[in-house]
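Everything on this sheet refers to the single structure shown next.
The values are calculated or read from the model by the stated rules, or taken from the named source; none is laboratory data. Everything numeric in this text was worked out from a predicted model, so none of it was measured. Note that we place each Cβ from the backbone using ideal geometry, even for glycine, and neighbour counts take in every protein chain shown. Just so you know, the surface numbers come from the protein's heavy atoms only, side chains and all, with ligands and any DNA or RNA stripped out. Shrake-Rupley method; radii C 1.70, N 1.55, O 1.52, S 1.80 Å.
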Amino acid sequence: MFDSLSDKLGGIFDKLKRSGALKEADVSAALREVRIALLEADVALPVVKDFVEKVREKAVGQEVLKSVTPGQMVIKIVNDNLVEMLGGEGKTIDLAAAAPVPILMVGLQGSGKTTSTAKIAKRLQEKEKKKVLMASLDVRRPAAMEQLQILGEQTGVATLPIIAGQMPVDIAKRAMTAAKLQGFDVVMLDTAGRLHVDQSLMAEVVAIRNAVNPHETLLVADALTGQDAVNVAQQFSDQVGLTGVVLTRMDGDGRGGAALSMRAVTGKPIKLVGVGEKIDDLEEFHPERVASRILG
Ligand code: GDP
(Lines give C-alpha, C1' and ligand atoms only; values in the text may rest on other atoms or scores of the structure.)
Protein backbone atom coordinates (compact mmCIF):
# COMPACT_ATOMS: atom_id res chain seq x y z
CA MET A 1 0.00 0.00 0.00
CA PHE A 2 1.08 3.54 -0.66
CA ASP A 3 1.47 5.96 2.19
CA SER A 4 -1.05 8.72 2.08
CA LEU A 5 0.09 12.02 0.66
CA SER A 6 -0.11 13.61 4.12
CA ASP A 7 2.29 10.98 5.53
CA LYS A 8 4.78 11.55 2.72
CA LEU A 9 4.66 15.32 3.01
CA GLY A 10 4.85 15.06 6.77
CA GLY A 11 8.13 13.17 6.30
CA ILE A 12 9.57 15.79 3.99
CA PHE A 13 8.80 18.62 6.35
CA ASP A 14 9.67 16.80 9.57
CA LYS A 15 13.10 18.30 9.66
CA LEU A 16 11.87 21.84 9.30
CA LYS A 17 10.99 24.25 11.99
CA ARG A 18 7.34 24.76 12.62
CA SER A 19 7.39 28.40 11.72
CA GLY A 20 8.42 30.82 9.03
CA ALA A 21 7.65 30.83 5.36
CA LEU A 22 7.55 27.87 2.97
CA LYS A 23 10.87 27.73 1.10
CA GLU A 24 11.22 26.96 -2.58
CA ALA A 25 13.32 23.81 -2.12
CA ASP A 26 10.87 22.36 0.41
CA VAL A 27 7.89 23.22 -1.74
CA SER A 28 9.57 21.54 -4.72
CA ALA A 29 10.19 18.38 -2.70
CA ALA A 30 6.57 18.37 -1.61
CA LEU A 31 5.29 19.02 -5.10
CA ARG A 32 7.19 16.00 -6.41
CA GLU A 33 5.00 13.89 -4.12
CA VAL A 34 1.88 15.77 -5.18
CA ARG A 35 2.77 15.14 -8.82
CA ILE A 36 3.10 11.40 -8.16
CA ALA A 37 -0.19 11.35 -6.26
CA LEU A 38 -2.00 13.07 -9.15
CA LEU A 39 -0.49 10.75 -11.74
CA GLU A 40 -1.44 7.74 -9.62
CA ALA A 41 -4.98 9.13 -9.56
CA ASP A 42 -4.85 9.12 -13.37
CA VAL A 43 -4.89 12.87 -13.88
CA ALA A 44 -3.56 13.58 -17.37
CA LEU A 45 0.09 14.66 -17.51
CA PRO A 46 -0.35 18.17 -19.00
CA VAL A 47 -3.02 18.88 -16.38
CA VAL A 48 -0.72 17.66 -13.61
CA LYS A 49 2.07 19.96 -14.81
CA ASP A 50 -0.16 23.03 -14.93
CA PHE A 51 -1.62 22.27 -11.55
CA VAL A 52 1.75 21.77 -9.88
CA GLU A 53 3.05 25.08 -11.27
CA LYS A 54 -0.03 26.91 -10.08
CA VAL A 55 0.40 25.51 -6.58
CA ARG A 56 4.12 26.29 -6.59
CA GLU A 57 3.41 29.96 -7.27
CA LYS A 58 0.90 30.10 -4.45
CA ALA A 59 2.91 28.10 -1.92
CA VAL A 60 6.41 29.57 -2.06
CA GLY A 61 6.83 32.28 0.52
CA GLN A 62 3.54 31.61 2.28
CA GLU A 63 3.69 32.02 6.02
CA VAL A 64 3.09 28.75 7.80
CA LEU A 65 0.24 29.06 10.25
CA LYS A 66 1.25 28.40 13.84
CA SER A 67 -1.34 25.69 14.28
CA VAL A 68 -0.18 23.43 11.42
CA THR A 69 3.02 21.80 10.21
CA PRO A 70 4.55 22.92 6.89
CA GLY A 71 3.47 19.58 5.40
CA GLN A 72 -0.12 20.18 6.44
CA MET A 73 0.14 23.69 5.06
CA VAL A 74 1.18 22.44 1.61
CA ILE A 75 -1.58 19.84 1.66
CA LYS A 76 -4.07 22.56 2.48
CA ILE A 77 -2.86 24.72 -0.43
CA VAL A 78 -2.98 21.70 -2.77
CA ASN A 79 -6.42 20.71 -1.56
CA ASP A 80 -7.86 24.24 -1.78
CA ASN A 81 -6.57 24.60 -5.33
CA LEU A 82 -7.92 21.21 -6.34
CA VAL A 83 -11.36 22.07 -4.99
CA GLU A 84 -11.25 25.43 -6.75
CA MET A 85 -10.22 23.88 -10.04
CA LEU A 86 -12.78 21.08 -9.80
CA GLY A 87 -15.59 23.38 -8.80
CA GLY A 88 -17.02 26.36 -10.55
CA GLU A 89 -20.29 27.92 -11.47
CA GLY A 90 -23.25 26.48 -13.31
CA LYS A 91 -23.33 23.02 -11.90
CA THR A 92 -26.98 22.28 -12.44
CA ILE A 93 -28.49 21.55 -15.80
CA ASP A 94 -29.59 24.86 -17.26
CA LEU A 95 -33.15 24.82 -18.55
CA ALA A 96 -33.58 28.58 -18.80
CA ALA A 97 -34.64 28.75 -22.43
CA ALA A 98 -37.84 28.57 -24.44
CA ALA A 99 -39.45 25.12 -24.30
CA PRO A 100 -38.73 22.60 -25.61
CA VAL A 101 -35.14 22.92 -24.37
CA PRO A 102 -32.79 20.70 -26.39
CA ILE A 103 -30.04 18.85 -24.50
CA LEU A 104 -27.42 17.09 -26.61
CA MET A 105 -25.58 14.11 -25.12
CA VAL A 106 -22.22 13.33 -26.74
CA GLY A 107 -19.31 10.99 -26.06
CA LEU A 108 -17.69 7.73 -27.00
CA GLN A 109 -19.54 4.44 -27.26
CA GLY A 110 -19.58 2.66 -23.92
CA SER A 111 -19.05 5.85 -21.92
CA GLY A 112 -22.51 5.51 -20.40
CA LYS A 113 -24.26 7.99 -22.68
CA THR A 114 -27.58 6.21 -23.11
CA THR A 115 -27.81 5.27 -19.44
CA SER A 116 -26.96 8.84 -18.41
CA THR A 117 -29.55 10.24 -20.83
CA ALA A 118 -32.26 8.21 -19.13
CA LYS A 119 -30.95 8.96 -15.64
CA ILE A 120 -31.00 12.71 -16.30
CA ALA A 121 -34.39 12.58 -18.01
CA LYS A 122 -35.91 10.79 -15.02
CA ARG A 123 -34.31 13.24 -12.64
CA LEU A 124 -35.62 16.28 -14.54
CA GLN A 125 -39.05 14.73 -14.66
CA GLU A 126 -39.17 13.81 -10.97
CA LYS A 127 -37.26 16.62 -9.32
CA GLU A 128 -37.91 19.53 -11.65
CA LYS A 129 -41.36 18.38 -12.74
CA LYS A 130 -40.42 18.76 -16.41
CA LYS A 131 -42.04 16.83 -19.21
CA VAL A 132 -39.13 15.17 -21.01
CA LEU A 133 -38.89 13.53 -24.44
CA MET A 134 -35.88 11.33 -25.23
CA ALA A 135 -34.71 10.44 -28.74
CA SER A 136 -31.88 8.18 -29.88
CA LEU A 137 -29.94 9.38 -32.92
CA ASP A 138 -27.76 6.28 -33.06
CA VAL A 139 -28.91 5.04 -36.45
CA ARG A 140 -26.01 2.64 -36.87
CA ARG A 141 -26.87 0.62 -33.81
CA PRO A 142 -30.55 -0.35 -33.69
CA ALA A 143 -29.83 -1.97 -30.31
CA ALA A 144 -28.93 1.45 -28.90
CA MET A 145 -32.26 2.89 -30.06
CA GLU A 146 -34.10 0.00 -28.48
CA GLN A 147 -32.07 0.38 -25.29
CA LEU A 148 -33.28 3.97 -24.91
CA GLN A 149 -36.84 2.94 -25.64
CA ILE A 150 -36.69 0.25 -22.94
CA LEU A 151 -35.17 2.72 -20.48
CA GLY A 152 -38.03 5.08 -21.31
CA GLU A 153 -40.58 2.41 -20.52
CA GLN A 154 -38.83 1.56 -17.24
CA THR A 155 -38.59 5.16 -16.11
CA GLY A 156 -41.85 6.53 -17.44
CA VAL A 157 -40.05 9.00 -19.72
CA ALA A 158 -41.47 9.37 -23.24
CA THR A 159 -39.31 8.37 -26.20
CA LEU A 160 -39.67 9.47 -29.81
CA PRO A 161 -41.13 6.61 -31.91
CA ILE A 162 -38.40 4.97 -33.99
CA ILE A 163 -38.71 5.32 -37.78
CA ALA A 164 -36.27 2.97 -39.50
CA GLY A 165 -33.99 4.53 -42.12
CA GLN A 166 -34.24 8.13 -40.89
CA MET A 167 -30.97 10.10 -40.61
CA PRO A 168 -29.77 11.59 -37.27
CA VAL A 169 -30.38 15.25 -38.18
CA ASP A 170 -33.90 14.43 -39.37
CA ILE A 171 -34.64 12.48 -36.21
CA ALA A 172 -33.42 15.41 -34.12
CA LYS A 173 -35.67 17.83 -36.02
CA ARG A 174 -38.60 15.43 -35.74
CA ALA A 175 -38.01 15.23 -31.98
CA MET A 176 -38.10 19.02 -31.67
CA THR A 177 -41.27 19.31 -33.74
CA ALA A 178 -43.00 16.51 -31.81
CA ALA A 179 -41.97 18.13 -28.53
CA LYS A 180 -43.38 21.50 -29.59
CA LEU A 181 -46.68 19.99 -30.70
CA GLN A 182 -47.03 17.81 -27.62
CA GLY A 183 -45.95 20.36 -25.03
CA PHE A 184 -42.70 18.82 -23.82
CA ASP A 185 -40.37 21.01 -21.77
CA VAL A 186 -37.09 19.24 -22.54
CA VAL A 187 -35.77 17.11 -25.41
CA MET A 188 -32.82 14.86 -24.67
CA LEU A 189 -30.91 13.76 -27.77
CA ASP A 190 -28.69 10.72 -27.33
CA THR A 191 -26.13 10.80 -30.15
CA ALA A 192 -24.17 7.88 -31.59
CA GLY A 193 -20.77 7.10 -30.14
CA ARG A 194 -17.72 5.43 -31.67
CA LEU A 195 -14.99 3.47 -30.01
CA HIS A 196 -12.60 6.30 -30.88
CA VAL A 197 -13.15 9.89 -31.88
CA ASP A 198 -13.20 10.13 -35.66
CA GLN A 199 -14.09 12.80 -38.13
CA SER A 200 -17.34 11.23 -39.30
CA LEU A 201 -18.55 11.08 -35.70
CA MET A 202 -17.63 14.73 -35.19
CA ALA A 203 -19.22 15.85 -38.46
CA GLU A 204 -22.44 14.08 -37.53
CA VAL A 205 -22.55 15.64 -34.06
CA VAL A 206 -21.80 19.10 -35.48
CA ALA A 207 -24.62 18.72 -38.04
CA ILE A 208 -27.05 17.77 -35.27
CA ARG A 209 -25.86 20.67 -33.13
CA ASN A 210 -26.40 23.09 -36.02
CA ALA A 211 -29.88 21.70 -36.64
CA VAL A 212 -31.22 21.97 -33.08
CA ASN A 213 -28.98 24.59 -31.40
CA PRO A 214 -28.82 22.75 -28.05
CA HIS A 215 -29.06 24.72 -24.82
CA GLU A 216 -26.81 22.19 -23.10
CA THR A 217 -24.23 19.95 -24.78
CA LEU A 218 -23.03 17.44 -22.24
CA LEU A 219 -19.98 15.27 -22.74
CA VAL A 220 -20.43 11.87 -21.10
CA ALA A 221 -17.06 10.50 -20.07
CA ASP A 222 -15.94 7.39 -18.22
CA ALA A 223 -14.02 8.30 -15.06
CA LEU A 224 -11.90 5.18 -15.47
CA THR A 225 -10.45 6.13 -18.84
CA GLY A 226 -7.76 8.34 -17.33
CA GLN A 227 -5.24 9.76 -19.78
CA ASP A 228 -7.39 9.05 -22.88
CA ALA A 229 -10.20 11.12 -21.46
CA VAL A 230 -8.28 14.29 -22.13
CA ASN A 231 -7.92 13.68 -25.83
CA VAL A 232 -11.61 12.89 -26.18
CA ALA A 233 -12.65 15.91 -24.15
CA GLN A 234 -10.36 18.20 -26.11
CA GLN A 235 -11.79 17.14 -29.45
CA PHE A 236 -15.42 17.40 -28.42
CA SER A 237 -14.72 20.71 -26.75
CA ASP A 238 -12.95 22.19 -29.80
CA GLN A 239 -15.18 20.82 -32.50
CA VAL A 240 -18.65 20.63 -30.97
CA GLY A 241 -18.48 23.02 -28.03
CA LEU A 242 -19.59 21.80 -24.62
CA THR A 243 -21.54 23.29 -21.74
CA GLY A 244 -20.73 20.60 -19.19
CA VAL A 245 -19.55 17.10 -18.41
CA VAL A 246 -21.25 14.02 -16.96
CA LEU A 247 -18.67 11.73 -15.40
CA THR A 248 -19.72 8.09 -15.21
CA ARG A 249 -18.37 5.11 -13.27
CA MET A 250 -17.41 7.16 -10.25
CA ASP A 251 -18.54 4.09 -8.29
CA GLY A 252 -15.49 2.24 -9.65
CA ASP A 253 -12.08 1.76 -8.07
CA GLY A 254 -10.52 4.73 -9.83
CA ARG A 255 -9.36 7.73 -7.84
CA GLY A 256 -11.32 10.05 -10.10
CA GLY A 257 -8.42 11.97 -11.63
CA ALA A 258 -10.40 12.22 -14.87
CA ALA A 259 -12.59 14.77 -13.11
CA LEU A 260 -9.68 17.19 -12.85
CA SER A 261 -8.54 16.48 -16.40
CA MET A 262 -12.02 17.02 -17.82
CA ARG A 263 -12.54 20.23 -15.92
CA ALA A 264 -9.15 21.60 -16.92
CA VAL A 265 -9.37 20.68 -20.60
CA THR A 266 -12.97 21.70 -21.28
CA GLY A 267 -13.15 24.60 -18.85
CA LYS A 268 -16.72 23.45 -18.23
CA PRO A 269 -18.28 22.22 -14.99
CA ILE A 270 -18.89 18.60 -14.14
CA LYS A 271 -22.64 18.74 -13.79
CA LEU A 272 -23.48 15.24 -12.61
CA VAL A 273 -21.75 11.96 -11.85
CA GLY A 274 -22.87 8.39 -12.53
CA VAL A 275 -22.32 6.11 -9.56
CA GLY A 276 -23.74 2.81 -10.74
CA GLU A 277 -25.74 0.97 -13.37
CA LYS A 278 -29.16 1.61 -11.85
CA ILE A 279 -31.28 4.45 -13.13
CA ASP A 280 -31.18 6.38 -9.85
CA ASP A 281 -27.38 6.08 -9.54
CA LEU A 282 -26.81 9.71 -10.45
CA GLU A 283 -25.42 12.30 -8.08
CA GLU A 284 -24.40 15.89 -7.96
CA PHE A 285 -20.70 16.52 -8.23
CA HIS A 286 -18.94 17.35 -4.95
CA PRO A 287 -15.51 18.91 -5.58
CA GLU A 288 -14.38 18.46 -1.95
CA ARG A 289 -15.06 14.72 -1.95
CA VAL A 290 -13.32 14.20 -5.27
CA ALA A 291 -10.34 16.30 -4.20
CA SER A 292 -9.71 14.12 -1.17
CA ARG A 293 -10.18 10.99 -3.24
CA ILE A 294 -7.62 12.21 -5.78
CA LEU A 295 -5.11 13.05 -3.06
CA GLY A 296 -5.62 9.62 -1.47
P1 GDP B 1 -23.19 4.22 -24.30
O2 GDP B 1 -22.64 3.27 -25.33
O3 GDP B 1 -22.26 5.37 -24.08
O4 GDP B 1 -24.58 4.65 -24.55
O5 GDP B 1 -23.14 3.43 -22.92
P6 GDP B 1 -24.31 2.75 -22.07
O7 GDP B 1 -25.20 3.79 -21.49
O8 GDP B 1 -24.95 1.68 -22.88
O9 GDP B 1 -23.46 2.14 -20.86
C10 GDP B 1 -22.49 1.13 -21.04
C11 GDP B 1 -22.43 0.29 -19.79
O12 GDP B 1 -21.96 1.07 -18.70
C13 GDP B 1 -23.78 -0.26 -19.36
O14 GDP B 1 -23.61 -1.59 -18.90
C15 GDP B 1 -24.18 0.66 -18.21
O16 GDP B 1 -25.02 0.00 -17.28
C17 GDP B 1 -22.84 0.98 -17.61
N18 GDP B 1 -22.82 2.25 -16.87
C19 GDP B 1 -23.24 3.47 -17.29
N20 GDP B 1 -23.03 4.41 -16.34
C21 GDP B 1 -22.46 3.78 -15.28
C22 GDP B 1 -21.99 4.21 -13.98
O23 GDP B 1 -22.05 5.38 -13.58
N24 GDP B 1 -21.45 3.24 -13.18
C25 GDP B 1 -21.35 1.93 -13.58
N26 GDP B 1 -20.81 1.07 -12.73
N27 GDP B 1 -21.77 1.51 -14.78
C28 GDP B 1 -22.32 2.40 -15.62
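Quick look at the values:
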{"quantity": "Fraction of beta bridges assigned by DSSP in the chain that are antiparallel (%, nearest 5)", "calculated": "15"}
{"quantity": "Hydrodynamic radius by Kirkwood, which averages 1/r over all alpha carbon pairs of the chain, in angstrom", "calculated": "20.4"}
{"quantity": "Cα-based equivalent ellipsoid, the range 55-111: semi-axes from gyration tensor eigenvalues, Å", "calculated": "41, 15, 9"}
{"quantity": "Orientation-averaged projected area, Cα convex hull of the range 211-259 (nm²)", "calculated": "3.6"}
{"quantity": "Cβ-based charge dipole, the range 130-232, positive-most Cα from Leu195, Val232, Asn210", "calculated": "Asn210"}
{"quantity": "Per residue convex hull volume, Cα atoms of the range 211-296, in Å³", "calculated": "99"}
{"quantity": "For the range 176-237, alpha-carbon Rg and Dmax in angstrom", "calculated": "14.0, 44"}
{"quantity": "Extended-chain gain in nm, criterion 0.36 nm per residue less alpha-carbon gap, Lys278 and Gln72", "calculated": "70.3 nm"}
{"quantity": "Stokes-Einstein diffusion coefficient of the range 30-182, Kirkwood radius over Cα pairs, 20 °C, 1.002 mPa s, in µm²/s", "calculated": "111"}
{"quantity": "Rounded FRET efficiency, nearest 0.05, which uses the C-beta distance separating Glu57 from Leu195 and R0 of 45 Å", "calculated": "0.70"}
{"quantity": "Low-density loop cleavage sites - trypsin sites (Lys or Arg not before Pro) in the range 64-104, where at most 10 other Cβ are within 10 Å (DSSP)", "calculated": "Lys66"}
{"quantity": "Fully extended contour minus Cα-Cα distance, from Val206 to Ala97, at 0.36 nm per residue", "calculated": "37.2 nm"}
{"quantity": "For the chain, accessible area per residue (1.4 Å probe, heavy atoms of protein chains only), Å²", "calculated": "46"}
{"quantity": "Size of electric dipole in the range 142-285: Cβ of Lys, Arg +1 and of Asp, Glu -1, about Cα centre, debye, nearest 20", "calculated": "460"}
{"quantity": "Cα shape, the range 132-194, gyration tensor, a/c 1.5 rule", "calculated": "oblate"}
{"quantity": "Relative contact order (%) - the chain, alpha-carbon pairs under 8 angstrom, separation at least six", "calculated": "24"}
{"quantity": "Protein accessible area in the chain, 1.4 Å probe - carbon and sulfur %", "calculated": "51"}
{"quantity": "Tilt relative to the chain, helix 168-182 - C-alpha long axis, 0 to 90 degrees, to 10", "calculated": "80"}
{"quantity": "Chain lengthening between Lys127 and Ile36 when straightened (0.36 nm per residue, less Cα-Cα)", "calculated": "28.7 nm"}
{"quantity": "Across Lys58/Lys119; Lys113/Lys180; Lys129/Lys173; Lys173/Lys271; Lys49/Lys122, pairs whose alpha-carbon gap is larger than 31 Å", "calculated": "Lys58/Lys119; Lys49/Lys122"}
